[in-house]
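The values are calculated or read from the model by the stated rules, or taken from the named source; none is laboratory data. All values derive from a computational prediction rather than experimental measurement. Virtual Cβ from ideal backbone geometry, glycine too; neighbours counted across all protein chains shown.
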Amino acid sequence: MPHCELDHLAVTAPALQAGVDWVYQVLGVAPDGGGEHPAMGTHNRLLRLGESTYLEVIAINPAAPAPDRPRWFGLDALTPDAPPRLRTWIARSDDIVASLAAAGEMLGTVTPMGRGALQWLITIPDDGKPTMGGVAPALIQWQGVLPHPATGLPDHGLRLRALELLHPRPHRVMALLQALGVQGPVQVRRSADGDGSSLMAHIDTPQGLRSLSVVTGDARPHA
């Protein structure tokens, strides 16, 4: 049976700095590090959420040539005034081909990617848009013997407590997670209005529990 673990979260924004500012507003810590993805014409900043978990802010790199295919994470569809949002999540697999075959959903095509010395395989839908509104994960398999990217990031005391996946058909999402053997703090529930999909990440910070979701500026403290 496949075994997958929650690897990282993806926040999209029409400009990288807008995404970084939003994460700082919500969590009180600004993502740093990261770099460029030449094959996709994107760049990112990262924030550690655990020993092998991190948050990625990703946006189109205006200084890079456009790729000859749709960019990942639905970035091509963003308008300049679109708010930053928690768009999707990425699950780590030791055998991405076997995990994809077991998924029972069209998660995309296994594609080699890289950023600097890091190399990986990742599933990317042909249209670039996250599957099932983003509640279905992209699959990733890190290549080589380098340590996980999270280990090289500063530890600001942030930890992912839970990732909520909201979907009008929660049993479909749960079946996918079971097929992938997903491990980690992932929860599924029906979307409140019965229509549409969204994600919410609950993160422990030095200032208390905060939540990242869809609406820009949505900083939600918890008692």
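Considering segment 97-120 alone, what residues qualify as being under 20 Å from Met40 (Cα atoms), at pLDDT 95 or above and surrounded by 18 or more Cβ atoms within 10 Å (Cβ to Cβ)?
Leu107, Gly108, Trp120
For Gly157, state whether it is farther than 20 Å from Arg87 by Cβ and in contact with a Pro (Cβ under 8 Å, 6 or more places away or on another chain).
Criteria met by Gly157.
So if I check each of Leu27, Leu6, which one is more than 19 Å from Leu180 (Cβ to Cβ) and either buried (at least 21 other Cβ atoms within 10 Å of the Cβ) or in contact with a strand residue (DSSP E or B) (Cβ under 9 Å, 6 or more places away or on another chain) (or both)?
Residue meeting the stated conditions: Leu27.
When Gly33 is evaluated against the numbered criteria (1) out of contact with any Phe, Trp or Tyr (no Cβ under 8 Å at 6 or more places or on another chain); (2) over 23 Å from Thr151 (Cα atoms); (3) surrounded by fewer than 22 Cβ atoms within 10 Å (Cβ to Cβ); (4) not basic (Lys, Arg), which criterion, by number, is the only one it fails?
Gly33 satisfies all of (1) out of contact with any Phe, Trp or Tyr (no Cβ under 8 Å at 6 or more places or on another chain); (2) over 23 Å from Thr151 (Cα atoms); (3) surrounded by fewer than 22 Cβ atoms within 10 Å (Cβ to Cβ); (4) not basic (Lys, Arg) except (2).
Of everything in segment 130-152 that's part of a loop (DSSP other than H, G, I, E, B), at pLDDT 95 or above and touching an Asp or Glu at 6+ places or on another chain (Cβ under 9 Å), which residue is surrounded by the most Cβ atoms within 10 Å (Cβ to Cβ)?
Pro137
From the residues in segment 57-74 that are among the charged types (D, E, K, R) and surrounded by fewer than 16 Cβ atoms within 10 Å (Cβ to Cβ), which one is nearest to Pro137 (Cα to Cα)?
Arg69
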